[in-house]
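Report on one structure; see the data block that follows.
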Amino acid sequence: MSELSVNGLNGLSYLPGYFNRGAQEALLEEIRAVVARAPLYTPAMPRTGNAFTVRMSNCGPLGWVSDIAGYRYQPHHPDTGQAWPEMPAVLTALWKDLAPNAPDPEACLINYYKESARMGLHQDRDEQTFEAPVISVSLGDTATFRVGGLSRKDPTKSFRLQSGDVVVLGGDARLAFHGIDRVLKGTSTLLKTGGRINLTLRRVIPPR
Ligand code: MD3
Ligand code: FE
């Protein structure tokens with residue numbers, strides 16, 4: 001585990017290779033089962049309705065969605081109207097391992113990047129609490145991701161995320177600007193047709 005230093009923010013930890021190849025394959029099977037019930041959909045940007053280049057799904061009691069009306073968490077899939085599938089036990093175990101004092105995760109956002117997909121610089125602030133960290137798992141092709149500071153104007157640093165890597169965004173880093181610049185084609189054999197999956201585990205509602 002290593003602390004990444006960006007703009008002096010505390011709470012940004014990087015765990016390269018947290019999941020070995022066998023564990024990545026097992027996790028991928030769990031995600032395939034989720035996506036079989038809650039298909040990847042194409043979110044739209046608020047106001048403009050422009051399509052995201054990333055396709056998404058969720059598991060857990062809540063899921064993050066975006067459409068012309070805005071960003072929000074909701075308990076059902078925007079297309080099927082069905083409740084999101086349960087969060088796989090391996091993900092709740094990951095959370096317990098890395099955020100033992102945080103309340104249970106309520107949402108796991110599944111991002112699927114094809115070769116040309118990107119995610120612009122943004123903050124994760126649609127949750128009603130920022131007490132818990134966000135925990136990210138990367139599967140498939142390597143991505144270059146960028147992390148800045150608490151202001152959009154702050155300088156950014158870029159890092160590579162490989163299949164099996166985990167990042168914990170806690171403390172001040174929880175509200176850092178970040179994004180995915182590109183996915184490096186052909187860098188992993190995990191996904192037979194290439195691309196990248198990122199999972200982000202989140203607590204949405206303050207604990208009671
Ligand atoms: C959170 N996902 O879903 S995860 C997102 O790889 C998102 O799909 C990216 O941003 C992805 O909202 C990045 C890794 C990450 C990196 C820096 C962060 C998440 C972060 C900084 C603050 C909060
Ligand atoms: Fe984000």
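The values are calculated or read from the model by the stated rules, or taken from the named source; none is laboratory data. Because the structure is predicted, anything quoted here is derived from the model rather than measured. FYI the Cβ positions are ideal-geometry reconstructions off the backbone, even for glycines, and counts take in every protein chain you see.
Taking the criterion of being more than 14 Å from ligand 2 (Cβ to nearest atom), surrounded by fewer than 15 Cβ atoms within 10 Å (Cβ to Cβ), under 21 Å from Leu15 (Cα atoms) and in contact (Cβ under 8 Å) with a residue 60 or more places away in the chain, would at least one residue in region 152-165 satisfy it? Among the residues of region 152-165, at least one is more than 14 Å from ligand 2 (Cβ to nearest atom), surrounded by fewer than 15 Cβ atoms within 10 Å (Cβ to Cβ), under 21 Å from Leu15 (Cα atoms) and in contact (Cβ under 8 Å) with a residue 60 or more places away in the chain, which makes the answer yes. For region 129-147, the set of residues classified as within 16 Å of ligand 2 (Cβ to nearest atom), over 13 Å from the mean Cα position of the chain (by Cα) and crowded, with 21+ Cβ neighbours inside 10 Å consists of Ala132, Val147, listed by residue number. Considering region 191-208, and only residues there that are under 16 Å from Ala117 (Cα atoms) and away from ligand 2 (no atom under 15 Å from the Cβ), the residue that is surrounded by the most Cβ atoms within 10 Å (Cβ to Cβ) turns out to be Gly195. Leu199 satisfies every condition listed in (1) farther than 27 Å from Val35 by Cβ; (2) touching a Cys at 6+ places or on another chain (Cβ under 6 Å) except (1). Residues in region 111-128 that are away from ligand 2 (no atom under 13 Å from the Cβ) and under 25 Å from Pro75 (Cβ atoms) were compared, and the one that is surrounded by the most Cβ atoms within 10 Å (Cβ to Cβ) is Tyr112.
If you check Trp84 against the conditions, is it buried (at least 17 other Cβ atoms within 10 Å of the Cβ) and in contact with a His (Cβ under 8 Å, 6 or more places away or on another chain)?
Working: buried (at least 17 other Cβ atoms within 10 Å of the Cβ): yes; in contact with a His (Cβ under 8 Å, 6 or more places away or on another chain): yes.
So Trp84 fits the description; yes.
Residues Thr80, Thr156: which one is of a type in the set (Val, Ile, Thr), more than 15 Å from ligand 1 (Cβ to nearest atom) and either at pLDDT 95 or above or out of contact with any Asp or Glu (no Cβ under 8 Å at 6 or more places or on another chain) (or both)? Steps first, answer last, please.
Details: Thr156 fails: more than 15 Å from ligand 1 (Cβ to nearest atom).
Result of the check over Thr80, Thr156: Thr80.
When the residues of region 1-41 are filtered to those that are among the polar types (S, T, N, Q) and touching a residue at least 24 places away in the same chain (Cβ under 8 Å), which remaining residue is surrounded by the fewest Cβ atoms within 10 Å (Cβ to Cβ)?
Asn20
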